[in-house]
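The values are calculated or read from the model by the stated rules, or taken from the named source; none is laboratory data. In this text, all values refer to a predicted model and were calculated from it rather than measured experimentally. Cβ placement follows ideal geometry from the backbone for every residue including glycine, while neighbour counts extend to all protein chains displayed.
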Amino acid sequence: MWRPLLIALGLLTRIPIPWRGALATPRELGWSVLFYPAVGVCIGALLMALALGMPAGLDGGVRAALVVIAWTWLTGGLHLEGLADSADGWVGGLGNATRGLEIMRDPRSGPAALMAVTLLLLLKWNLARAAIETNATAIWLVAPTLGRLGIVLLLATTPYVRAGGMGETAAQELPRGWAFALVVGVLLGVGWFGSWWVVGVAGAVWLILRRAWMRRFGGVTGDLAGATCELVETITMLAWIG
């Protein structure tokens, strides 16, 4: 079972991993999705170490900026790109699912993409600063974990509407029984040891997003899954700080 974990790390981070997605079997890709929350824990642990390891005399805004920069670099901006493409597809598609999906395939970024990414990073920077100044250390573990848990649940419950590629394969091969057990276990853990309020808010955001993707696009794509991760992650931070 080490290969699915390494595949998940290779797909979702810039950590050098010997086995990348291109070398994975369909079954391994499906099982690797179950390790997405574990990747979130790894990302969070590195961010926590960075946030706590910086000199206390350094301005909080600067420390927060460094954490957000490290966060973006560590993930390769993968889910931010998904958010950007989703924003372009949502706005440019004008309610037409086919047109929206075509726009999301375009590697160029439009005004909606730039605004979405800019506003989200601005909010995330302010939340990171608040977390540092209030010593809310658990937030670094909880937010990345719930964000990636949102992807697991999305792929387990939502039709995948873009044919071809690793995303469709991962969604088809995902062991759904294990996925639902994982979701329940993680949510119970976060609620019991952290905050039921945060679990409730994250769950509500996920439900709203899934409903929006279904109504506008008829399902989910890799870009929409990435956007879900970013938005659940950020709103989790907001709920925790609030």
Run down A116, A87, A64 and say which single residue is over 27 Å from E133 (Cα atoms) and crowded, with 18+ Cβ neighbours inside 10 Å. A87
G76 passes all but one of (1) at positive phi; (2) in contact with an Asp or Glu (Cβ under 6 Å, 6 or more places away or on another chain); which number fails? (2)
Would you confirm, using the coordinates I've provided, whether T236 is of a type in the set (S, T, N, Q), within 21 Å of W31 (Cβ to Cβ) and surrounded by 15 or more Cβ atoms within 10 Å (Cβ to Cβ)? no
When you scan segment 114-127, do you find a residue that is of a type in the set (S, T, Y), at pLDDT 95 or above, touching a Pro at 6+ places or on another chain (Cβ under 9 Å) and under 30 Å from G194 (Cβ atoms), even just one? no
If you go through segment 80-94 one residue at a time, do you hit one that is without any contact (Cβ under 8 Å) to a residue 40 or more places away in the chain and of a type in the set (S, T, N, Q)? no
So is L122 of a type in the set (A, V, I, L, M, F, W, C) and either under 30 Å from M214 (Cα atoms) or touching a residue at least 40 places away in the same chain (Cβ under 8 Å) (or both) or not? yes
Test: residue in segment 15-30 that is of a type outside the set (S, T, Y), in contact with a Pro (Cβ under 7 Å, 6 or more places away or on another chain) and either crowded, with 16+ Cβ neighbours inside 10 Å or within 20 Å of R129 (Cα to Cα) (or both): yes
Please count how many residues of segment 34-59 are part of a helix (DSSP H, G or I) and surrounded by fewer than 15 Cβ atoms within 10 Å (Cβ to Cβ). 4
Somewhere in segment 86-94, is a residue within 21 Å of the chain's Cα centre (by Cα) and among the polar types (S, T, N, Q)? yes
Among the helices (runs of 4 or more DSSP H) lying completely within segment 132-213, list those that include at least 2 residues that are without any contact (Cβ under 8 Å) to a residue 24 or more places away in the chain and of a type outside the set (A, V, I, L, M, F, W, C). 176-193
Quick check on this structure: which one of R176, R162 is modelled with pLDDT under 95 and of a type in the set (K, R)? R162
A156: within 16 Å of the chain's Cα centre (by Cα) and either surrounded by fewer than 20 Cβ atoms within 10 Å (Cβ to Cβ) or at pLDDT 95 or above (or both), yes or no? yes
Could you give me the residue pairs with C-beta distances under 8 Å whose first residue belongs to segment 2-28 and is in a loop (DSSP other than H, G, I, E, B), whose second residue is modelled with pLDDT of 90 or more and loosely packed, with under 13 Cβ neighbours inside 10 Å wherever it lies, and which are 6+ apart or on separate chains? R14/W73
